[in-house]
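One structure below.
A short reminder: the numbers here are calculations on the coordinates, not readings from a lab. Since this is a predicted model, take the numbers as computed values, not measurements. So basically every Cβ, Gly included, is an ideal-geometry build from the backbone, and we count neighbours across all protein chains shown.
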Amino acid sequence: MNFRSSRCVILLVIVLGLAGCATTNSQMLQSGRATMNAAIRAEAPGKYYIARRYYKQDYKFWGFVRQPGQPWSSAKLVMLNEQLKLAPDRETGHIGDDNNYEYKLLGDFSGQSVYEPASNGIYPEFILKGYELRSKTPGSIYRTPGATDPSRRVIAMPY
């Protein structure tokens, strides 16, 4: 075997190896998503919400909020009304330190909408009455790579 043919063999092995990794990663993502969806379906009904903090340096919205048992694709990006209870990060004085944390929220939607000038968006208002931390490292709910990077101006929607 000469130098050129050995390079081709090495290249072929690398390409096949990477293809195998892609399949494994894809299968792992699907398996993780299936596990997350099963856990969501098993959530007890009740007068609470599930929320995912979505901190962005340039925006003032708080994060995504959904009803228990509902998929993340049904979640609403909200502005948080903190007149009754401060948001978890504001309560500790470390704004955004809880980026991508998952919470159980007590409260309700006010029925009002709030304008957020940096995104030029209008978001529903959620009146926070209490919260409980569910996870500091929940599974990803975004398709967009880097969605939870606070410095990126991309607003990714959950799936």
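3J(HN,Hα) along the range 121-126: x, 10, 10, x, 8, 10 Hz, from the Karplus curve 6.51 cos²θ - 1.76 cosθ + 1.60 with θ = phi - 60°, whole Hz, x for Gly and Pro.
Sum up the charges of everything whose Cβ sits under 12 Å from the Cβ of Y142, counting Lys and Arg as +1 and Asp and Glu as -1, but leave Y142 out. Numbers along the way, then the final one.
On the way: positive: R33, R52, R143, R152; negative: D149.
Neighbour charge sum, excluding Y142 itself: +3.
Which shape class, rounded, prolate or oblate, goes with the range 51-159 when its Cα gyration tensor gives a ≥ b ≥ c as root eigenvalues, a/c under 1.5 marks rounded, and past that a/b bigger than b/c marks prolate? In terms of gyration-tensor shape, rounded.
Here's the list of lysines a cross-link from K76 could span, going by alpha-carbon distance under 19 Å and ignoring same-chain residues fewer than 8 apart: K47, K56, K60, K104, K129.
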